[in-house]
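Q: I'd like to ask you about the structure that follows.
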Amino acid sequence: MKHAILFGTLIAVACAASLPSPLHADEPTVSYIFPAGGQRGTTMPVIVGGHYLHDAPRWEMLGDGVSIAEPLRRAPRTVWFEGPVIPLPDSQRKEDYPADYQGKLTIAANAPFGFHRWQVATSQGATTSLPFVVGDLPEVVEEEIDGDPIPTPVTLPITINGRIFPRQDVDVWTFEARAGEAYTCEVMAARLGSPLDSRLTVVDPDGVEIAESVDRLGNDSWLRFRAQRDGVHQVRIHDTDFDGLQHYVYRLTISDGPRVDHVYPLGGRRGENVRLTLVGQNLPSETREIEVAIPVDAPEQMAWQFQSDSGSGSSLGNANPVWLETSDLPEHLEAEPNNEAASAPIVDGSAVLNGRIEAPGDVDVWRFSAAKGERFEFEVRAARLGSPLDAVIEIRDTAGKSLANADDIAGGQTDARLSFTAPSDGEFTVTVRDQFDSRGDARFAYRMYLRRNDRIEPSFTLTLPADALTVNRGGEAKLKITAERLHGFAGAIRLTAQGLPEGVTAEEVEIADKKSDATMVFKAAADARVDQHRLTIVGHAEWEDRQLETTATTAATTLGDPAMDRLWLAVAMPTPFQVIGDFETKYAARGSTYVRHFRLERGDYAGPLTVRLAERQVRHLQGISGPTISVPADASEFDYPIHLPPWMEIGRTSRTCVMAVGTVKDEQGRDHTVSYTSHAQNDQIIVLVDPGQLAVRLQRTSILAAPGDQVLLPIQVERGQELAGPVRVELLVPPHIAGLTSPTIELASGESAAQLSLTFDARKCGPFNQPLIVRATGSRDGLPYTAEAELEIVD
């Protein structure tokens, strides 16, 4: 059974007369943007899901090509699909309930392909960035409805933006396929930071599953199939564990046009041409190899797109963008056979060696000469460039003796790096292979950087744990910076923060010799201006007679996603007030309304507050709802009601948290919306769920939807001893179901039987893809009490 709940808008109307004391702040977070990408040359509405963003957060797009057309504003309501009831013990896990915020983005016609990042901030802090993807195919956005999946037709090629929401959701997309034609389906979800672990299947016109993919590009699915017959084919997508929620966002591209799966080599030298071999779908044979010019000023990762001759410049005839790595070193290509030292090419000087592990058990051998004591570094870049290769490097002498080897760099990074000092004059070999002899094909490409003495300059990189940091006025925040030492560098690294705003300090710290990290402490004065600032963390070091300097960046998450080299520092307004509860556990019947008493500790805050359900919960709410209430400026206590749905799990211990919102003023008279949420046990609304005291029974649990007909459905209402008053009975019809009307009926006190009238429109009604809910509502102590029954409509 699925239940749709709409959460209303929170309006913060409070003000304060003086500055707050530094108690607490609900830092804002964002969990998704939907759709998560768009087509070049379009302006598109988006929904951002976030926590503690309040009414109008600051919103910034980073980089060029994508701009904000309309700022974010809290949506009038957030649609929540409950999905199937979650039983114990899974129902006891924590759950987030992000609110919907509406905005618009404009994507320039020449916007760079790939990932663009965005961030949001409030007076309580700044969020880390999330990606937004720019493509050039037409796009469609899922029209989300509750209930069983309804197949949605699309025209190829297309990029589909959807969400697996609620749990157990399955999205179904259909298109007309032609016999003999090839089709590619690719999911982008995990690469967006989405938790979706997709399973993709293709079903032919006879309902037979003809293709399936789970993990092909990390946790993202990819498949290609050739249609055996004309007709409507379905592409179905769901989570492998049948999980799902608002942030299970995906982009599904289905194409019958040219598609480049992979290229070889994986890059080239700046200022030169590289001859690429293309492998993919619907690529003319004469263009499977193509000369590509690498600009002199090309970035380290360059997006390149195969331009089809069909369509007179239309992007619909062009292939998908692929990423090429560029360097300033000479480039060499392997020449098979090169599995043995005798047939291996000799490499002079520093260079980039391009090769492929083309079959299981294949080994690529490269030769180089060295003088005794000469230093070398070998670094394989494969996984970072989208190759499935799990590289292993090994150095051998002319007698075949192994002198050094290397596997994974660190932290799950399957590329390899090896430093080597020649023990004698002579010739040596370096081999590249996959960790597993059973793997290898044309996709297993690599670029191995061979650097000799003159190219091995001691250096280091610095990594930020995130690209945002929040520090409260009058407080401090810590930031751990990690160093990776390269080419033998082992010295101390001084860290400085550049671009600090007035009122914020961060003392210089040092990563000691041979150590890998240090923590910077940022402190904000009690009167520091509440705002956000872009700054950089720079590392300084000395090595022999050289000065080394590096800017800290975030770690790149996927190919084409830029590392961020600026930290968004937010000076936050602390929340001066608190919501306090005394520990209590009570029994409450499902379907009833339960009221919890709270106190307020206001600090120096004297304004009104609004209170609603918190956007982060310690347990899944399982359908519990609550209103937004106003607490007057002079109140030090309040009562908050929650409604337990009539289908809630009996015997469950429910724990619900609330948040309070107000507005404080700073010295300049600027308003700042702040909130307080407590997950402490004393402050939770804890109830043990009992059976309900109200029931509604249907004489028939299914009826036929005949256009133009009117159906009378007998119902019976049963009241417990605690309920004796009137009861209202209504049929809940979801917004996507058209052509069905049913007036509400009222049963007076003592009445238990009635007939519910259902009228079907003669022209159009449906789709009936889910049971409808017949809801009975009574009251106890003036508070709502509900019961529900399911009614199946057979179309």
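The values are calculated or read from the model by the stated rules, or taken from the named source; none is laboratory data. As the structure is a computational prediction, the values presented were derived from the model and not from experiment. All Cβ positions, even for glycine, are placed from backbone atoms using ideal geometry, and neighbour counts span all protein chains on display. To get the accessible areas, we keep the full protein, side chains included, count just its heavy atoms, and leave off ligands, DNA and RNA. Shrake-Rupley method; radii C 1.70, N 1.55, O 1.52, S 1.80 Å.
Q: May I ask you to give the solvent-accessible area per residue for the chain, in square angstrom, as obtained with a 1.4 angstrom probe?
A: 42
Q: Counting Lys +1, Arg +1, Asp -1, Glu -1, what net charge surrounds Leu72 among other residues with beta carbon under 13 Å of its beta carbon?
A: 0
Q: Show me 782-792, 179-189 ranked by packing, highest mean number of other Cβ atoms within 10 Å first.
A: Highest-to-lowest ranking by the protection proxy: 179-189, 782-792.
Q: Could you work out the relative contact order of the chain? I mean the mean sequence separation of Cα pairs under 8 Å and 6+ apart, divided by the number of residues, in percent.
A: Relative contact order, the chain: 12 percent.
Q: Number of Lys-Lys pairs in the chain under 21 Å by Cα, sequence gap 8 or more or different chains?
A: Lysine pairs meeting the criterion: 8.
Q: Which order do the peptides 569-576, 166-173 take when ranked by the mean count of other beta-carbon atoms within 10 Å per residue, highest first?
A: Top of the packing list down: 569-576, 166-173.
Q: Shifting gears a bit: Compute the distance in nm between two label points, each set 7 Å from the Cα along the Cα-to-Cβ direction, one at Leu712 and one at Thr536.
A: Placing both labels 7 Å along Cα→Cβ, they lie 8.1 nm apart.
Q: Additional query: Answer with one residue from Pro645, Val661, His672: the one whose Cα lies farthest towards the positive end of the charge dipole of region 620-684, charges on Cβ with Lys, Arg +1 and Asp, Glu -1.
A: So the residue we want is Pro645.
Q: If you put +1 on each Lys and Arg Cβ and -1 on each Asp and Glu Cβ, how big is the dipole of the chain around its Cα centre, in Debye rounded to 20?
A: Here the chain has a charge dipole of around 1300 debye.
Q: While we're here: Let's test the formula: R0 of 25 Å, r as the Cβ-Cβ distance of Leu548 and Asp297. What FRET efficiency results, to the nearest 0.05?
A: 0.55
Q: In the neighborhood of Phe583, defined by Cβ-to-Cβ distances under 14 Å, what is the net charge if each Lys or Arg adds +1 and each Asp or Glu adds -1?
A: Here the charged neighbours net out to +1.
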